[in-house]
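Novice: I have a structure here, written as structure tokens, and I will follow up with some questions on it.
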Amino acid sequence: MKKRVPVSQIMTKKVVTLSTKDELSTAEEIFKKNNIRHIPITSGKQVLGMLSYTDLMRISFADAVDEDEYEVDTMVYNMFSIEQVMVKDVICVSPEATIHEVAAFLAQKEFHALPVVADDELVGIVTTTDLINYLLAQY
């Protein structure tokens with residue numbers, strides 16, 4: 001296995017982002033349309049927070065009902081803003097951080113994605129899925 005490979009080689013570079021002004025219903029649409037589970041919340045290119053699909057599911061009662069699921073989601077989403085639901089104290093990594101360092105960090109924490117930031121600007125995102133795909137490519 002290669003050592004000292006920078007995370008920039010496996011991160012997603014075309015990152016889907018949202019702002020604090022966007023609606024939670026928009027976030028859900030983006031999660032589903034792009035088949036992703038994490039969206040950095042930005043102001044310009046600066047990371048303000050991170051929203052995960054799990055964060056939305058925690059506030060949604062959609063799993064508890066069968067009928068009119070969309071209406072329940074919309075009603076619940078209208079009660080909260082992205083800023084209220086997102087994780088604010090986001091830990092970011094540098095594009096030069098090694099895959100090993102990022103994997104070791106994620107293995108110890110309760111989250112599954114890290115924004116990759118250079119000069120205070122978002123340049124990518126690395127997820128546990130990226131790490132698993134990298135490992136699979138090694139075998």
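The values are calculated or read from the model by the stated rules, or taken from the named source; none is laboratory data. Note that this is a predicted model, so its numbers are computed, not measured. In this analysis, Cβ positions are derived from the backbone assuming ideal geometry, glycine residues included, and neighbour counts consider all displayed protein chains.
Novice: Determine the pairs where a residue that is within 15 Å of residue 86 (Cα to Cα) and in contact (Cβ under 8 Å) with a residue 40 or more places away in the chain, located within the range 7-19, has a partner that is crowded, with 18+ Cβ neighbours inside 10 Å and among the polar types (S, T, N, Q) with Cβ atoms under 9 Å apart, the partner being 6 or more residues away or on another chain.
Specialist: Hits for this filter: 17/42; 18/42; 19/42.
Novice: Right, next: Restricting the search to the range 33-48, which residues are of a type outside the set (Ser, Thr, Tyr) and within 13 Å of the chain's Cα centre (by Cα)?
Specialist: 34, 35, 36, 37, 38, 39, 40, 41, 47, 48
Novice: Among the residues of the range 1-44 satisfying the criterion of being more than 23 Å from residue 78 (Cβ to Cβ) and polar (S, T, N, Q), which is surrounded by the most Cβ atoms within 10 Å (Cβ to Cβ)?
Specialist: Among residues in the range 1-44 that are more than 23 Å from residue 78 (Cβ to Cβ) and polar (S, T, N, Q), the one surrounded by the most Cβ atoms within 10 Å (Cβ to Cβ) is 8.
Novice: Report whether or not residue 110 is at pLDDT 95 or above, loosely packed, with under 14 Cβ neighbours inside 10 Å and not polar (S, T, N, Q).
Specialist: no
Novice: Considering the range 107-129 alone, what residues qualify as being touching a strand residue (DSSP E or B) at 6+ places or on another chain (Cβ under 7 Å) and not in a strand (DSSP E or B)?
Specialist: Within the range 107-129, 112, 120 meet the criteria.
Novice: Moving on to the next point. Among the residues of the range 1-37, how many are assigned to a loop (DSSP other than H, G, I, E, B), of a type outside the set (D, E, K, R) and within 23 Å of residue 96 (Cβ to Cβ)?
Specialist: Result for the range 1-37: 6.
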